[in-house]
Each structure stands twice: as C-alpha cells, then as structure tokens.
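Undergrad: Sharing a structure below in structure tokens format, with a few things to ask.
The values are calculated or read from the model by the stated rules, or taken from the named source; none is laboratory data. Please read all numbers here as calculations on a predicted model, not as lab measurements. Counting neighbours? That spans all protein chains shown, and the Cβs are built from the backbone with ideal geometry, glycine included.
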Amino acid sequence: MIRVLLTVLAVSTALTGIAGAASPVDERVVHDVAAQLRCVVCQNLSVADSPSETANQMRQIIRERLAAGESPEQVRAYFVQKYGQWILLSPPKEGFNLLVWVVPFVGLGAGLVLVAVVLRRWSRKPAAGPPTPVDPAMRERIRREMSGGPRP
C-alpha cells in the first residue's frame, strides 16, 4: 500500500514538473506576434484583432510555441513557412518588398515638388510693360460715364 502511494506521489510530482517545465507565456508577447500576422479568414485584420475561430487557433499555436521556448521571430517564421510572406501584415523591408516602403515617400516628395512649382508659376506676376495709351475720345466717354452724365 505504501509503495502504491509513493508511486502515485512520484508520478504526480513528475507530471507537475513536466507541466511546470513549460515557461509561462507573457500575453503581451502573444499579442505582439499575433498583431503582426494576417488572419487567413478576415484577411484585413490581424490575428490579434480577428474574432474568428481560426484566429483563435492561431493565437493558441503562438502561445504553445512561445511556451515551448521558441522566440517570436521563430514563431513568425513558422507561419511564413506555412502560409508564405502573405501572412505578414507588413512586408519585410528587403528586396522587391522595399518598393512598398519607398514608393509612397518618393510619391509624396514628387507631389510636394509639383505643388511648389505650380504655386510658384501662379504667383509670378507677368512683366508689366508701359501702359497702353487711351485715346482722347475714350477718355471723354469714361469721364462722362463716371460722372453720371448723359449718354449718347
């Protein structure tokens, strides 16, 4: 009887040790990793923000892999290997993906230069030459109209 109790106590201690061996996972790290991954169901939401069951399962996989000792980079690499680069909400800043990061700033700069050139052209005043002489008959007509006199 004592042997059975000791065996049960040893087994329960071993199981508790195995269960406790997995380090506790910081939920902020789980959220940070999930926020960088695209939900495969919602597609315009991150795994952290998606209410779908698939996203819930993906968060659980993230939690399990982090508890097993993998780094956040290794967890992201697992999902990239499984789903491809598409799973990342923000593409890596290398190779062809670099265009996604550079083109908006180049476009913004070109737009600002274009606006500056257009504003400069609009604000330029044309070179003023000598005033056109007004003939005496027109001058008399203008004077009469301004004074409110009779009209011909």
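Undergrad: Looking only at region 28-46, which residues are under 15 Å from the mean Cα position of the chain (by Cα) and outside any helix (DSSP H, G or I)?
TA: Scanning region 28-46 gives 36, 37, 38, 43, 44, 45, 46.
Undergrad: Here's another thing I want to ask about it. Out of all the residues in region 51-62, is one or more of a type in the set (A, V, I, L, M, F, W, C), in contact (Cβ under 8 Å) with a residue 12 or more places away in the chain, within 30 Å of residue 27 (Cβ to Cβ) and assigned to a loop (DSSP other than H, G, I, E, B)?
TA: no
Undergrad: Can I ask one more? Quick test for you: out of 5, 15, pick the one residue that is at pLDDT below 90 and surrounded by 10 or more Cβ atoms within 10 Å (Cβ to Cβ).
TA: After ruling out the rest, the residue left standing is 15.
Undergrad: Yes or no: region 75-92 includes at least one residue that is part of a loop (DSSP other than H, G, I, E, B), surrounded by fewer than 10 Cβ atoms within 10 Å (Cβ to Cβ) and out of contact with any Pro (no Cβ under 7 Å at 6 or more places or on another chain). Please lay out each step first, then the result.
TA: Here is the first cut: in region 75-92, the residues part of a loop (DSSP other than H, G, I, E, B) are 84, 89-92.
Going one step further and asking which of them are surrounded by fewer than 10 Cβ atoms within 10 Å (Cβ to Cβ), we end up with 84.
After this cut, where a residue has to be out of contact with any Pro (no Cβ under 7 Å at 6 or more places or on another chain) as well, the list is 84.
Yes, region 75-92 contains a residue that is part of a loop (DSSP other than H, G, I, E, B), surrounded by fewer than 10 Cβ atoms within 10 Å (Cβ to Cβ) and out of contact with any Pro (no Cβ under 7 Å at 6 or more places or on another chain).
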